[in-house]
Amino acid sequence: MKNIMDKKQYIWKWLFFSLLIVNISVIAIIFSLVFLVGREAQVDTYERKDNSSFQAYMSLQFTPTQLNEWLKEEWSHEQVNIYFGQDTIQTEVSFDIFGQTTHMFIAFQPKVLPDGNVGLTETSFSLGGFSVPPGMALSALQSQVDVPSYVELYPNDRFIVIRLDQISFKGDYYLKAKEVDLEKGSIELLVGK
């Protein structure tokens, strides 16, 4: 009888250690997939473009609700949800790891840059319910999402630049941000040359 109990304890010890090894392996794989992939594509600093000759022709005004609807349509092909809150822009990225859907949440504080582009500073990041050290989020985002060419990621600085000056249409017209104030619910862009 004692021999059978010893065998059961022995089996439970091995099962416990096996489960522990599997958990550590899964965490290591998730870490490497999310944080180490895409590191070589990082750009170090943002260079501002001189657009002092910009001539505004019209103003476009949006509310956060209007932008939320537009972004929902624009990003429907990706597993990304972007929405404007009262003072931050929230981003949710979903991706599959080992047949399980994992969610990554990143919050940004927006501001208009002197050259009329929009800068987003990372304020918080969580992965699957776990808070992660700052700076890791943009590396993960860069490796998991196909971002448009006018969006520049600076993971080391925890900063994203939306290059409105690279979004051109009909002729030489492009956009410039005048105001992004989420607390007031006011987002204003200028269209010009």
Checklist outcome for this item: Flagged in region 47-83 as at pLDDT below 85 and open to solvent by less than 50 Å² (accessible area, probe 1.4 Å), in numbering order, are 51, 54, 67, 68, 71, 75, 78, 80, 82
Checklist entry - Since residue 152 meets every condition but one in (1) part of a strand (DSSP E or B); (2) modelled with pLDDT of 85 or more; (3) closer than 24 Å to residue 63 by Cβ, which condition does it not meet? => result (3)
Checklist entry - Of the residues 96, 87, 115, which is of a type in the set (D, E, K, R), touching a residue at least 40 places away in the same chain (Cβ under 8 Å) and either touching a helix residue (DSSP H, G or I) at 6+ places or on another chain (Cβ under 9 Å) or farther than 17 Å from residue 68 by Cα (or both)? => result 115
Next on the checklist: Please go through region 131-148 and give me each residue that is closer than 18 Å to residue 74 by Cβ and either within 9 Å of the chain's Cα centre (by Cα) or at pLDDT 85 or above (or both), ordered by number.
Outcome noted: 141, 145
Item to check | Every residue from region 155-182 that is at positive phi and more than 20 Å from the chain's Cα centre (by Cα) | outcome: 170, 171
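The values are calculated or read from the model by the stated rules, or taken from the named source; none is laboratory data. Since we're looking at a predicted model, the values are computed, not measured. We place every Cβ from the backbone using ideal geometry, glycine too, and count neighbours over all the protein chains shown. For the accessible areas, the whole protein counts, side chains as well, though only heavy atoms, and no ligand, DNA or RNA atoms are used. Shrake-Rupley method; radii C 1.70, N 1.55, O 1.52, S 1.80 Å.
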